[in-house]
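Trainee: Starting off with a structure, shown below.
The values are calculated or read from the model by the stated rules, or taken from the named source; none is laboratory data. Note that the structure is a prediction, hence the values are computed from the model and not measured. Cβ placement follows ideal geometry from the backbone for every residue including glycine, while neighbour counts extend to all protein chains displayed.
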């Protein structure tokens, strides 16, 4: 998990967006293993152009900005010894459908607006800029199967030849744990946006088959805690 000092650093800018935004940022950074995994394993290279699909209130950007600043100022004694130095992204382009989250992201990260941009749009139709890293964390199950494939095709077209897609999904074949994930995601969708669309889920094998058809080379890692062990992080790289 992220060090407590980094959680505090990354969530602090959300105070300007209100208490709920700040508390949500702190809780998400503390309990979601995705952010620590990305940093601990160096999954985002230095100088990367990042496209963040379903960016929410911009927590990935806040985490990367906070990590870079914290490492710069306190690396001698605070940064985890086995972690690589955090990346300094060239740019981050976040897309999310929820206006409130986009507003909070812009407020919290306004000091970095020259290189971090948030757009309120639908990932099914929004233009995708060229990117070295595309992040799609817990977002594709909110669109239907045809849209999932179409989005991934556009992701592949936007990725640099040596780029990477970081895709977190839930394994629909994981029994009751997958049911817990669906219930949590449905609740989050309702709480954040008021929408109650159905979820479109796939098994791990089906995700890997789809990405293979789209000419991605993939590796997969467990990505969850407790009841959320159905989560998977798929690391996908385009191949000719």
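Trainee: Could you list, in sequence order, all residues of segment 206-240 that are outside any strand (DSSP E or B) and modelled with pLDDT under 95?
Mentor: Passing the criteria: 223, 224, 225, 226, 227, 228, 229, 230, 240.
Yes/no per residue for (1) buried (at least 21 other Cβ atoms within 10 Å of the Cβ); (2) modelled with pLDDT under 90:
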residue	(1), (2)
118	yes, no
146	no, no
156	no, no
160	no, no
164	yes, no
170	yes, yes
179	no, yes
192	no, yes
196	no, yes
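Here is a yes/no grid of residues against (1) crowded, with 24+ Cβ neighbours inside 10 Å; (2) over 16 Å from the mean Cα position of the chain (by Cα); (3) touching a residue at least 60 places away in the same chain (Cβ under 8 Å):
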| site | (1), (2), (3) |
| --- | --- |
| 3 | no, yes, yes |
| 17 | no, yes, yes |
| 41 | no, no, no |
| 52 | yes, no, yes |
| 68 | no, yes, no |
| 71 | no, yes, no |
| 97 | no, no, yes |
